[in-house]
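In what follows, a single structure is set out as structure tokens and then discussed.
The values are calculated or read from the model by the stated rules, or taken from the named source; none is laboratory data. Keep in mind that this is a model prediction, so the values were computed, not measured. Cβ placement follows ideal geometry from the backbone for every residue including glycine, while neighbour counts extend to all protein chains displayed. These area figures cover heavy atoms from the full protein model, side chains too; ligands, DNA and RNA do not enter into them. Shrake-Rupley method; radii C 1.70, N 1.55, O 1.52, S 1.80 Å.
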Amino acid sequence: MQSGWSLLGPLQWIRYVNTQVKVKVGTDEEHCGWLLTVDPVSASLVLVNFREEGGVSVQVVMGHAVEEVEVLQEANEETTERLCVSFLPLKTPRLDPEELRRRRGGVRRWLEKNWIPVVEEGEELRVAGVLTITAPYGPENCCSSNQIILDRIQKLIQSLIQTEPRLEHSSSCD
């Protein structure tokens, strides 16, 4: 059992990753789950529990509130694998180069129609110098550190997909 959680630091926290833990918070509150990761800044724990119907539940326990952490069991190989793959992105559909070119052009024209500055840089679209859209050019393929711009561009692309169903990602995965 470990108390003084936030004082330990990343080198000690890593030993708890991929273990089932019981986290005591306050005097009468406990949380149990598989420790996926620990935020190195806030000492917050990310706990995962696997549901019987196949999904996962995720809970974040704020580091400053942690009183004690007790390891209940180590993860076996199957559990470790489930923890690793539960949060990987889904496979991207494999599209031919012509389809990708058509999608890139369609998204670029849509953004330009909505007065959004966009340029093609190779296979990527660069929006206002602060956002990048990669193949296959859907809302989930946008990347930016500016959350407001990211959200607005993703909504614009989603509205394009709703008005142009042929741009929807309908190809099969690998």
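Descriptive notes on the structure:
- Any hit, region 102-121, residues being on the phi > 0 side of the Ramachandran plot and open to solvent by 80 Å² or more (accessible area, probe 1.4 Å): yes
- Within region 23-47, the residues that satisfy the criterion of being more than 14 Å from residue 72 (Cα to Cα) and in contact with a His (Cβ under 9 Å, 6 or more places away or on another chain) are 25, 42, 43, 44, 45.
- Checking 157, 133, 149 one by one, the residue that is open to solvent by 40 Å² or more (accessible area, probe 1.4 Å) and either modelled with pLDDT of 90 or more or not β-branched (Val, Ile, Thr) (or both) is 149 and no other.
- The one condition in (1) loosely packed, with under 15 Cβ neighbours inside 10 Å; (2) in contact with a Gly (Cβ under 9 Å, 6 or more places away or on another chain); (3) small (Gly, Ala, Ser) that residue 9 fails to fulfil: (2)
- Within region 1-114, strands (runs of 3 or more DSSP E) holding 1 or more residues that are over 24 Å from the mean Cα position of the chain (by Cα) and under 30 Å from residue 164 (Cβ atoms): none
- Among the residues listed as 83, 35, 45, the single one being of a type outside the set (Asp, Glu), open to solvent by less than 30 Å² (accessible area, probe 1.4 Å) and under 29 Å from residue 141 (Cβ atoms): 83
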